[in-house]
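Input: a single structure, listed below in structure tokens.
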Amino acid sequence: MVQTGCYLLAAVWTLWLRLTPCTATSGRAVPGASFGQSIVEGWTFSWRTEAVRAGLLVTMGASLFIMPFLTLLPVFARDLLGVGATGQGGLLTAMGIGAVGGAVLVASLGDRLPRGLLMLGGVTLYGLSVVAFAASPAFRLSLGLMTLVGLAHVSSYALVQTVIQTYSPPAFRGRTMAIFHMSDVVFALGSLLAGTLAAFVGARWAAAAMGAAGALLTVTISVVLPHARRLR
């Protein structure tokens with residue numbers, strides 16, 4: 001119910017926005033292009049624009065390797081930490097508290113943030129926090145680590161969206177965001193990978209290995225695309 005109310009508020013505020021003529025400052029959409037051509041244009045623009053490419057790669061990497069640890073959370077709560085459904089609710093609550101804190105931080109600091117650096121650092125911290133959570137032997141420590149996970153998740157997720165929309169001209173913004181939301185499909189594939197790994201090596205090692213892979217991938221992106229670290 002609360003989430004529905006937030007969506008309604010977002011819809012009302014969107015209706016208040018004033019429309020302005022859309023002109024592309026970096027690339028231009030082809031007038032009258034077919035649906036297929038429009039999709040190709042969006043992918044081409046996203047790949048050629050380094051800021052957008054970096055944001056999308058970071059998101060896809062996090063969705064494939066880091067976020068899927070959530071699908072293993074019931075195993076951690078029941079079998080590894082021994083706290084059952086109530087404890088799992090506590091872990092998710094701790095993550096939610098961290099998420100709210102991250103959202104407030106991003107909203108309050110606004111344009112003063114070095115977006116690129118925090119985007120890359122936030123996702124790296126996200127992966128390392130998942131590794132630490134996977135290794136945690138105690139429920140209270142796990143609660144603290146889940147707060148950190150929530151903080152890093154929302155901070156990086158919000159910053160990625162901000163970077164993509166900031167560096168996409170109006171003519172391409174809808175298509176770049178459509179590609180961004182394809183991360184939901186990548187998350188499903190990552191969940192399949194997490195479950196498969198857990199079946200062979202256990203939930204702890206599966207979550208830790210995937211979290212480490214996600215953090216390493218983000219560091220690699222920051223090295224290969226150095227401009228991404230300087231995004232404002």
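The values are calculated or read from the model by the stated rules, or taken from the named source; none is laboratory data. What you see is a predicted model; the values in this text were computed from it and never measured. Here the Cβ positions follow ideal geometry from the backbone for every residue, glycine too, while neighbour counts run over all protein chains shown.
Of everything in region 94-126 that is within 12 Å of THR162 (Cβ to Cβ), touching a Leu at 6+ places or on another chain (Cβ under 8 Å) and among the hydrophobic types (A, V, I, L, M, F, W, C), the residue that is surrounded by the fewest Cβ atoms within 10 Å (Cβ to Cβ) is LEU113. Counting only helices (runs of 4 or more DSSP H) wholly contained in region 137-232, the ones carrying 2 or more residues that are under 18 Å from the mean Cα position of the chain (by Cα), at pLDDT 90 or above and of a type in the set (A, V, I, L, M, F, W, C) occupy 139-166, 183-201, 203-224.
From LEU143, LEU189, LEU197, LEU225, grab the single residue that is surrounded by 15 or more Cβ atoms within 10 Å (Cβ to Cβ) and closer than 30 Å to ALA51 by Cβ.
Only one candidate passes the filter, namely LEU225.
Which one is nearest to ALA203 (Cα to Cα), of the residues in region 80-94 that are aliphatic (A, V, I, L, M) and touching a residue at least 24 places away in the same chain (Cβ under 8 Å)? If we take residues in region 80-94 being aliphatic (A, V, I, L, M) and touching a residue at least 24 places away in the same chain (Cβ under 8 Å), then LEU80 is nearest to ALA203 (Cα to Cα).
Number of residues in region 177-205 that are out of contact with any Gly (no Cβ under 8 Å at 6 or more places or on another chain) and over 12 Å from LEU64 (Cβ atoms) equals 13. With respect to the conditions (1) touching a residue at least 40 places away in the same chain (Cβ under 8 Å); (2) under 30 Å from ALA171 (Cβ atoms); (3) of a type in the set (Gly, Ala, Ser), GLY144 falls short on a single one, namely (2).
Inspect all residues belonging to region 107-120 and state whether any of them is in contact (Cβ under 8 Å) with a residue 24 or more places away in the chain and within 29 Å of GLY202 (Cβ to Cβ). No: region 107-120 contains no residue that is in contact (Cβ under 8 Å) with a residue 24 or more places away in the chain and within 29 Å of GLY202 (Cβ to Cβ). Right, LEU56: in contact (Cβ under 8 Å) with a residue 12 or more places away in the chain, out of contact with any Gly (no Cβ under 6 Å at 6 or more places or on another chain) and either at negative phi or buried (at least 23 other Cβ atoms within 10 Å of the Cβ) (or both) or not? Yes, satisfied. Exactly one residue out of ARG18, ARG28, ARG53 is at pLDDT 70 or above and outside any helix (DSSP H, G or I), and it is ARG18.
Of the residues making up region 91-133, those that are closer than 22 Å to ARG230 by Cβ, aliphatic (A, V, I, L, M) and part of a helix (DSSP H, G or I) are LEU105, VAL106, LEU109, LEU117, LEU118, MET119, LEU120, VAL123, LEU125.
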